Amino acid sequence: MSKLYFRYGVMESGKTTALLQVAHNYNKKGMEVLLLKPKIDTKGQDKVISRLGVERKVDYLVGISDNLYSFIKEHKKVDAIIVDEAQFLTSSQVDELYYIAKEENIPVLCYGLRCDFQMIGFTGSTRLLQIADDIEELKTICSCGKKATQNLRLLNGRPVFDGEQIEIDNQKDIQYVGVCGNCYLLLKDGVNNDNG
C-alpha cells in the first residue's frame, strides 16, 4: 500500500530542489508523475522553480475548493503525485491525498513549510503532520551556523513579524529566510524594542 509523505523545512532548505529531483527520478524510470501546486502560490505562475534555477511546468494548479480525489479518479494513470507548497492545501484536500495513497495505491509526496513567519502552523502542514505516513525534515542552517527552524519575513530587507499569513516572496519587496530560534527571537525582540 502506498504512503502519504510530508517533506518539510524552512525557507532555503532545498524542498523544491528535492521535489524536482524526485520527479526526475520517476520520469527517468519511465514512470508518470503528476505535479500539483496550489493556485495561491503565484511565484513562478504555472511552474515550480527551485532557487538553484531548475524548473518544471506544473500539471495542475489546485484551487481552494478543488476536490483532489475526484480529480485523480478522472485523470490518466499516474505512478506518483508530487505536491509543491503543500502548506497552502486545505485540511480536506490533505485528507483526499491520504485516501488517494491508500485507495488508489499511488504514492503522494508533499513538500512545504511547517509554519509561517509568526511561528503559526499552516492548515495544510498541520494536517499533514497529523496524518502523513512518513514525515521528514529537510534541513538548512541559519547565518549564525545553527540549524534553521523558523521562517523570517523580510520587507525591504528588514524583519517583520506582523501581517497577512500568506504573502508570496518576490512580491511587494518581501523575502523569506530560514533562521534558528535564537536569531528569530533576537530579531523579534529588536523590532519590538524599536517600536516600543
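The values are calculated or read from the model by the stated rules, or taken from the named source; none is laboratory data. This is a predicted model, so every value here is computed, not measured. Note that we place each Cβ from the backbone using ideal geometry, even for glycine, and neighbour counts take in every protein chain shown.
Scan the stretch 1-10 for residues that are of a type outside the set (Val, Ile, Thr), assigned to a loop (DSSP other than H, G, I, E, B) and within 12 Å of the chain's Cα centre (by Cα) and jot them down.
9
Please give the number of the condition residue 22 fails out of (1) out of contact with any strand residue (DSSP E or B) (no Cβ under 7 Å at 6 or more places or on another chain); (2) of a type in the set (Val, Ile, Thr); (3) under 16 Å from residue 111 (Cα atoms).
Unmet condition: (1).
Say we look at the stretch 11-53 and pick out the residues that are small (Gly, Ala, Ser) and in a helix (DSSP H, G or I); which of these is nearest to the chain's Cα centre (by Cα)?
18
Select, from 10, 94, 22, 48, the only residue that is at pLDDT below 95, among the aliphatic types (A, V, I, L, M), surrounded by 14 or more Cβ atoms within 10 Å (Cβ to Cβ) and out of contact with any Pro (no Cβ under 8 Å at 6 or more places or on another chain).
48
Keeping to the stretch 51-86, report how many residues are crowded, with 18+ Cβ neighbours inside 10 Å and among the hydrophobic types (A, V, I, L, M, F, W, C).
Adding up the residues that qualify gives 10.
Listed here are the residues, each with its yes/no results for (1) among the charged types (D, E, K, R); (2) modelled with pLDDT of 95 or more; (3) closer than 30 Å to residue 100 by Cβ.
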| residue | (1), (2), (3) |
| --- | --- |
| 160 | no, no, no |
| 163 | no, no, no |
| 172 | yes, no, no |
| 184 | no, yes, no |
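Go through 132, 101, 148 for me and flag whichever is touching a Phe, Trp or Tyr at 6+ places or on another chain (Cβ under 8 Å) and crowded, with 17+ Cβ neighbours inside 10 Å.
None of the other options fit; the residue is 132.
Quick check on the stretch 89-111. Is at least one of its residues farther than 19 Å from residue 16 by Cα and in a strand (DSSP E or B)?
no
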